[in-house]
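What follows is one structure encoded as structure tokens, with my remarks underneath.
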Amino acid sequence: MFEASFGRGDAVAIAAYTPDGSLLPTGMEPIQGAAGVQAFWQGAIDMGIKQLKLKSREVEELQDTAIELGTYTLLGSDGQQIDQGKYLVVWKEQNGQWRLHQDIWNTSLPAPAQ
């Protein structure tokens with residue numbers, strides 16, 4: 001669903017985190033709450049990220065919480081790779097539905113030469 005929503009450019013659907021969900025992007029302060037999460041993902045779409053590919057490596061479920069470890073690839077409009085890296089997501093089950101709660105990722109690409 002996350003990947004499909006990204007492909008449609010639907011920041012509202014992408015931001016379907018828990019009400020107090022948070023993003024922990026590289027080089028930024030944490031972003032918490034629906035409005036901030038949606039604005040972040042809309043900004044990513046507006047920057048030219050058109051497709052997201054996720055590959056889950058491991059999921060551990062603990063009652064109403066699950067922890068997912070995986071890798072991602074970000075692609076632009078012509079399919080060129082913009083970034084690739086790894087992520088860790090905490091999921092929470094609320095009213096029978098699993099929703100993103102905490103989301104952190106970082107690139108696996110080398111830092112640009114200075």
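Here, each number is a calculation from the coordinates, and none is a lab measurement. Small disclaimer: the values here were computed from a predicted structure and weren't measured.
The mean sequence distance of close C-alpha pairs (under 8 Å, at least 6 residues apart), as a share of the length of the chain, puts its relative contact order at 23 percent.
For region 59-76, putting each phi into the Karplus relation 6.51 cos²θ - 1.76 cosθ + 1.60 with θ = phi - 60° gives couplings of 9, 10, 9, 10, 6, 9, 10, 9, 10, 10, 10, x, 10, 9, 9, 9, 10, x Hz, in residue order, rounded to whole numbers and with x for Gly and Pro. Within a straight-line Cα-Cα reach of under 18 Å, residue 86 can be paired with the following aspartates and glutamates, leaving aside sequence neighbours fewer than 8 residues apart in one chain: 3, 58, 60, 68, 103. A cut-off of 5 Å between modelled amide H atoms, ignoring neighbours fewer than 5 places along the same chain, links residue 15 with no other residue. Summed over qualifying helices (DSSP H, 4 residues or more, each -39500 (n - 2.57)) and divided by its residue number, the chain shows a 222 nm mean residue ellipticity of -5500 deg cm²/dmol.
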